[in-house]
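Notes to accompany the following structure.
The values are calculated or read from the model by the stated rules, or taken from the named source; none is laboratory data. This is a predicted model, so every value here is computed, not measured. Positions of Cβ are backbone-derived with ideal geometry, glycine not excepted, and every protein chain shown enters the neighbour counts. We work out accessible area using only protein heavy atoms, side chains counted, and drop any ligands, DNA or RNA first. Shrake-Rupley method; radii C 1.70, N 1.55, O 1.52, S 1.80 Å.
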Amino acid sequence: EGEPEREKPGVESMRKNRLVVTNLDKLHTALSELCFSINYVPNMAVWEHTFTPREYLTSHLEIRFTKSIVGMTMYNQATQEIAKPSELLTSVRAYMTVLQSIENYVQIDITRVFNNVLLQQTQHLDSHGEPTITSLYTNWYLETLLRQVSNGHIAYFPAMKAFVNLPTENELTFNAEEYSDISEMRSLSELLGPYGMKFLSESLMWHISSQVAELKKLVVENVDVLTQMRTSFDKPDQMAALFKRLSSVDSVLKRMTIIGVILSFRSLAQEALRDVLSYHIPFLVSSIEDFKDHIPRETDMKVAMNVYELSSAAGLPCEIDPALVVALSSQKSENISPEEEYKIACLLMVFVAVSLPTLASNVMSQYSPAIEGHCNNIHCLAKAINQIAAALFTIHKGSIEDRLKEFLALASSSLLKIGQETDKTTTRNRESVYLLLDMIVQESPFLTMDLLESCFPYVLLRNAYHAVYKQSVTSSA
């Protein structure tokens with residue numbers, strides 16, 4: 001009985017007196033009058049200048065929208081933090097919905113505002129020379145995510161199609177999986193569009209070409225030994241003696257692994273772009289696919305590369321990566337003849353092939369069936385070997401298939417050699433490294449299992465798979 005009467009919902013909008021006006025009412029009235037006046041006067045002359053209120057409003061909305069998009073990425077250079085692509089996409093869509101409601105009050109073309117602003121965001125700088133979301137995300141993925149992969153804090157998990165944090169002493173400030181899984185990469189493609197994704201790819205390729213330049217220097221240092229090894233792969237004792245004379249073996253493998261990691265990230269980005277474009281422009285994407293799948297084998301390389309470039313821009317995987325070819329062909333070394341360049345490219349493949357067995361002694365080289373790869377990312381070597389060979393021998397006009405066959409012969413004979421060794425530490429993860437041969441062939445459009453069988457018995461691969469799966473079960477138990 002003693003309970004005071006509660007206010008019913010909606011009391012706040014009941015008016016006892018029409019003269020009582022709240023602050024919000026005043027603002028609301030002012031705003032509607034303003035909108036009406038913008039519509040009412042198409043343009044007016046001020047001091048011999050024609051002022052168009054609608055255009056003025058449109059240009060200011062563009063400026064505000066641009067600042068807001070870049071602001072919503074919440075990029076902090078000091079802490080290297082950035083918003084997840086999916087979060088930014090949600091924020092941008094919400095912002096666009098609000099802007100769209102302005103059309104109910106003022107006759108302006110808000111679609112034009114969206115097109116102007118969002119297209120500029122797909123370039124690396126906007127029309128005022130300011131950084132865009134394309135440049136911010138490209139920097140973040142290269143400088144933060146991929147750098148931590150090469151530092152050994154993150155690994156690429158093929159089973160999950162994502163990069164995942166590894167347990168380390170100093171925890172990372174971000175969770176790699178939340179930035180690189182399928183839905184995040186699709187959101188990134190949606191935001192950056194084909195132009196932005198092309199810029200991301202070109203930046204990735206620039207990093208790969210600087211690694212290749214360093215690899216070429218290491219080949220030149222070891223050129224004599226590698227030339228001898230190339231022709232004596234069927235003489236095990238001679239190979240063992242020559243291998244001891246090689247320098248920078250670890251560096252070669254580390255650099256090739258980094259290249260593989262970057263290419264794995266690129267393939268995630270390309271796949272996401274393809275998904276997004278298939279949703280937006282299904283007929284165009286299927287035409288491009290059709291075009292790519294029916295290039296006759298005897299097509300002139302220049303023509304084929306044009307088709308690959310088109311396919312690559314739509315996110316389709318190509319036998320020869322056009323962006324990688326462009327990046328590597330711009331590396332012109334002085335005083336080196338094309339023949340010499342070709343020889344260096346051949347010897348680089350030899351160097352990688354004969355170095356593979358050293359991976360077996362690394363504790364981190366153990367294959368994990370759960371991630372379908374190795375925690376030190378050496379499974380990414382399969383991508384690196386295939387794509388670097390395809391690009392280099394396209395540039396130097398060699399036969400990609402012949403060079404990869406030579407690579408397989410050298411790699412398998414080198415790996416068969418560690419099959420006979422008894423030293424436990426050097427052969428610790430021998431089976432896990434054997435699997436690399438299978439991965440290289442599976443990944444390659446140029447190699448076949450028949451070819452692998454001719455130089456590396458399949459029974460060894462089968463036993464290797466059996467051993468690593470058994471090992472993973474016992475270690476998890």
* Asked: Does any residue of the stretch 213-223 turn out to be among the aliphatic types (A, V, I, L, M), modelled with pLDDT under 90 and in contact with a helix residue (DSSP H, G or I) (Cβ under 8 Å, 6 or more places away or on another chain)?
  -> no
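Could you pull out every one of the helices (runs of 4 or more DSSP H) wholly within the stretch 423-477 that has 3 or more residues that are free of Cβ contacts under 8 Å to residues at least 24 places away in the same chain? Reasoning before the result, please.
On the way: elements: 430-443, 449-455, 458-476.
The qualifying helices (runs of 4 or more DSSP H) are 449-455, 458-476.
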* Set L348, L381, L356, L408: member being in the same structural domain as L452 (by the TED database), closer than 28 Å to Q238 by Cα, more than 26 Å from the chain's Cα centre (by Cα) and open to solvent by less than 10 Å² (accessible area, probe 1.4 Å) -> L408
* Asked: What's the number of the condition A78 fails, among (1) surrounded by 19 or more Cβ atoms within 10 Å (Cβ to Cβ); (2) more than 26 Å from I182 (Cα to Cα)?
  -> (1)
* Answer yes or no: is there a residue in the stretch 112-134 that is in a helix (DSSP H, G or I), among the polar types (S, T, N, Q) and over 26 Å from the mean Cα position of the chain (by Cα). => yes
* Asked: Residues of the stretch 177-235 being open to solvent by 10 Å² or more (accessible area, probe 1.4 Å) and without any contact (Cβ under 8 Å) to a residue 12 or more places away in the chain, which ones?
  -> S210, K217, D224, T231, K235
* **Residues being open to solvent by less than 10 Å² (accessible area, probe 1.4 Å) and either small (G, A, S) or within 18 Å of S189 (Cβ to Cβ) (or both) - total across the stretch 305-329** => 4
* Structure fact -> Residues of the stretch 330-345 being open to solvent by less than 60 Å² (accessible area, probe 1.4 Å) and within 29 Å of Q270 (Cβ to Cβ), in sequence order, are Q331, E341, I344, A345
